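Colleague: Let me begin by handing over the structure; questions about it come next.
The values are calculated or read from the model by the stated rules, or taken from the named source; none is laboratory data. Computed from a predicted structure; not experimentally measured. Here the Cβ positions follow ideal geometry from the backbone for every residue, glycine too, while neighbour counts run over all protein chains shown. The area values use the complete protein model at the heavy-atom level, side chains included, leaving out ligands, DNA and RNA. Shrake-Rupley method; radii C 1.70, N 1.55, O 1.52, S 1.80 Å.
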Amino acid sequence: MGCLNIFQVVNNRVKEITMKRQEEITFDGSADKRGHPAVRKRTGTWFAGILILVNQGLATLAFFGVGVNLVLFLTRVMGQDNAEAANNVSKWTGTVYIFSLLGAFLSDSYWGRYKTCAIFQAIFVVGLVSLSLTSYIFLVKPSGCGDEKIPCNPHSTIHVALFYVSIYLIALGNGGYQPNIATFGADQFDEDHPKESRSKVSFFSYFYLALNLGSLFSNTILGYYEDKGMWALGFWASAGSAIVALILFLVGTPRYRHFIPKSNPLSRFCQVIIAALRKWNAELPSVDDELYEVDGKELAENGDKKILHTHGFKFLDKAAVITTNEYNLEGNDLGFNPWSLCSVTQVEEVKCILRLLPIWLCTILYSVVFSQMAFLFVEQGAAMKTIFIGFHIPPASMSSFDILSVAAFIFIYRRVLDPLVARLRKFSSKGLTELQRMGIGLIIAIMAMMAAGTVEHFRLKYVPEDCLKCSSTLSIFWQVPQYVLIGASEVFMYVGQLEFFNGQTPDGLKSFGSALCMTSISLGNYVSSLLVTIVMKISVSHKMPGWIPGNLNKGHLDRFYFLLAALTTIDLAVYIVTAKWYKYIKFEERNVTNNGEMHQDFRLV
């Protein structure tokens, strides 16, 4: 009987330990949908991560179902010439990514990433449905027009206005959603847990892969039907995909992990600047410990992690200098105004952003190169031989080689290159750093522009002499190398960029870090539009209609590609200097000991 009692006690103890393990909460301070500490077994990880990846793939399919052929829609349906259409696409794409700043601000300050993603996805769906209706009822008339053979009827001002309202609703919805969904997906993995932290790093690669696989269907099947003049069908397919994506996102609501926004990051940034200016004549203490800092538990907006003090941007340290105005000698406590005294962690947040800006600026020119795939590559392909074994190859569908290249190089990097570099390095067990990968991306981008310029040079040579309006007899498949190189450069640049900005921004600014990636693409599109305008004005003469005329056979698009290669080479040189100057941020680390107790130290991220 005694043995039975002992067995029951042991059995109950085992059950109790098992229940505790199952109820283990995350270490990073994430919460469930009710605001309670997130239980590791019931929230997050790959169940939530896969839902978000599928959501991203479907949303990307919907977005590129419009974006990939927008330049052809503007020329064939809306009646614009090549230069005007290219500029309008650049401005629209740029606006998509400018809206990412709005989404990041609302997410980090007020709504949180889940609510922000849900609201902007709903706006995205409204824009797509509106575009589908507008195209079907008003724009694509007569039915089947816009296929290079049948011209469309002229459009009224109201119809054109409805079209632009629709596509800019799409820009608002996708722009506000994109930076938050990447960070929200990363939130599902506890960076302070050994296994989940590795999954978090992998998530960014799979996220970018999902993005590209989602666009594969748009660039092939939808691109084919739209090229044949079935624009309304393509837009309705995009709308349907976006609706399914939104439903899947909402289905995962009970399993998501959340980080609750605590304060406005813009005001925190301004507080440091104002406080430092107010104390411009204050003397900095000789010991860092004399600068003002709050306890880790009070750093709610920074995920309960302090940031170690650094010695750059010393002027900003004056915001953390404690003066007699802030220190109450009688009560021996601090009663301070946040606009005159800031913590070291808050000051380091500002330093972090300032250090990131030069790196971010160097990525803009890469985005100029990347943006060529959306319009000039398409226009170049349209002026080549597009018939293969009796089958017409839609020029926009050639970007499928970019997508396949991304998928291949993600596998090559994660499974081959990164482990190989880690083994070859004597003083580090890690592979290439994010900064090194971004530099490699710039090098491959230069190669891509050289390849594109070379193809264009030979394309012009194969234009029939007696028919300047005819397409070149050079096959469109000669574009494959430039698409493959762009895809390879994306893996190194954009995946590295996502990891770098997410890892190098404080917890309260994670969405802003992802938005930096988006805005570099945005400015890249605006710079591309500006560059096209400048080149056209300079290159136009009485004998030549410019480098990028409506009829590419009369221009020199190859010179424009070689110009981009030269500018990217200069940008690479500046980037190397900037990357060497950059100092990695130091965060406080939360660890769990063998007995389950928490202790804190610092780590270099």
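Matching residues to (1) among the aromatic types (F, W, Y); (2) part of a helix (DSSP H, G or I); (3) farther than 30 Å from K141 by Cα:
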site	(1), (2), (3)
G35	no, no, yes
L74	no, yes, no
Q80	no, no, no
T93	no, yes, no
V96	no, yes, no
S100	no, yes, yes
G103	no, yes, yes
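Colleague: If I filter the range 423-431 for residues that are of a type outside the set (F, W, Y), over 20 Å from V68 (Cα atoms) and open to solvent by less than 40 Å² (accessible area, probe 1.4 Å), do I get at least one hit?
Modeller: Narrowing the range 423-431 to residues of a type outside the set (F, W, Y): 423-426, 428-431.
This time we only want the ones that are over 20 Å from V68 (Cα atoms), so: 423-426, 428-431.
Within this subset, residues satisfying the condition of being open to solvent by less than 40 Å² (accessible area, probe 1.4 Å) are 431.
Yes, some residue in the range 423-431 is of a type outside the set (F, W, Y), over 20 Å from V68 (Cα atoms) and open to solvent by less than 40 Å² (accessible area, probe 1.4 Å).
Colleague: OK, next. Would a scan of the range 183-191 turn up a residue that is surrounded by fewer than 20 Cβ atoms within 10 Å (Cβ to Cβ) and among the acidic types (D, E)?
Modeller: The answer is no; no qualifying residue exists.
Colleague: Between a residue in the range 504-515 that is among the β-branched types (V, I, T) and any residue that is in a helix (DSSP H, G or I), which pairs come within a Cβ distance under 6 Å, given they are 6 or more apart or on different chains?
Modeller: T505/G513
Colleague: If a residue counts only when it is more than 30 Å from D28 (Cβ to Cβ), which helices (runs of 4 or more DSSP H) contained entirely in the range 479-546 have at least 1 such residues?
Modeller: 480-490, 510-539
Colleague: Which of the residues belonging to the range 351-367 are closer than 30 Å to G550 by Cβ, crowded, with 22+ Cβ neighbours inside 10 Å and under 15 Å from the mean Cα position of the chain (by Cα)?
Modeller: Of everything in the range 351-367, those that are closer than 30 Å to G550 by Cβ, crowded, with 22+ Cβ neighbours inside 10 Å and under 15 Å from the mean Cα position of the chain (by Cα) turn out to be Y366, S367.
Colleague: For a quick check of your reading of the model, give me the residue pairs whose first member lies in the range 222-234 and is free of Cβ contacts under 8 Å to residues at least 24 places away in the same chain, whose second is surrounded by 19 or more Cβ atoms within 10 Å (Cβ to Cβ), with beta-carbon atoms closer than 6 Å and at least 6 apart or on different chains.
Modeller: Partner pairs satisfying both residue conditions: Y225/G234.
Colleague: From S135, S143, which residue is more than 28 Å from the chain's Cα centre (by Cα), open to solvent by 10 Å² or more (accessible area, probe 1.4 Å) and over 30 Å from K554 (Cβ atoms)?
Modeller: Working: S135 fails: open to solvent by 10 Å² or more (accessible area, probe 1.4 Å).
S143 is the lone residue from the list that is more than 28 Å from the chain's Cα centre (by Cα), open to solvent by 10 Å² or more (accessible area, probe 1.4 Å) and over 30 Å from K554 (Cβ atoms).
Colleague: Within the range 182-260, considering only helices (runs of 4 or more DSSP H) that don't extend past its boundaries, which have at least 1 residues that are β-branched (V, I, T)?
Modeller: 194-217, 231-251
Colleague: For the range 210-233, name all the residues that are modelled with pLDDT of 85 or more and farther than 26 Å from I119 by Cβ.
Modeller: Matches in the range 210-233: M230, W231, A232, L233.
Colleague: While we're on this one: What number of residues in the range 368-392 are surrounded by fewer than 20 Cβ atoms within 10 Å (Cβ to Cβ) and either in contact with a Phe, Trp or Tyr (Cβ under 9 Å, 6 or more places away or on another chain) or in contact (Cβ under 8 Å) with a residue 12 or more places away in the chain (or both)? Step through it out loud before you land on a result.
Modeller: Keep residues of the range 368-392 that are surrounded by fewer than 20 Cβ atoms within 10 Å (Cβ to Cβ), which gives 385-392.
With either in contact with a Phe, Trp or Tyr (Cβ under 9 Å, 6 or more places away or on another chain) or in contact (Cβ under 8 Å) with a residue 12 or more places away in the chain (or both) added as a condition, the list becomes 385-386, 388, 392.
Number of matching residues: 4.
Colleague: Let me confirm something: among V592, V532, V577, which residue is among the aliphatic types (A, V, I, L, M), modelled with pLDDT of 80 or more and open to solvent by 10 Å² or more (accessible area, probe 1.4 Å)?
Modeller: Just a single option satisfies the conditions, and that option is V577.
Colleague: Looking at (1) small (G, A, S); (2) farther than 30 Å from N551 by Cβ; (3) open to solvent by 10 Å² or more (accessible area, probe 1.4 Å), which is the only condition G441 fails?
Modeller: For G441, the failing item is (3).
Colleague: Against the definition (touching a helix residue (DSSP H, G or I) at 6+ places or on another chain (Cβ under 9 Å) and of a type in the set (S, T, Y)), how does S475 come out, yes or no?
Modeller: Spelling it out, it is not the case that S475 is touching a helix residue (DSSP H, G or I) at 6+ places or on another chain (Cβ under 9 Å) and of a type in the set (S, T, Y).
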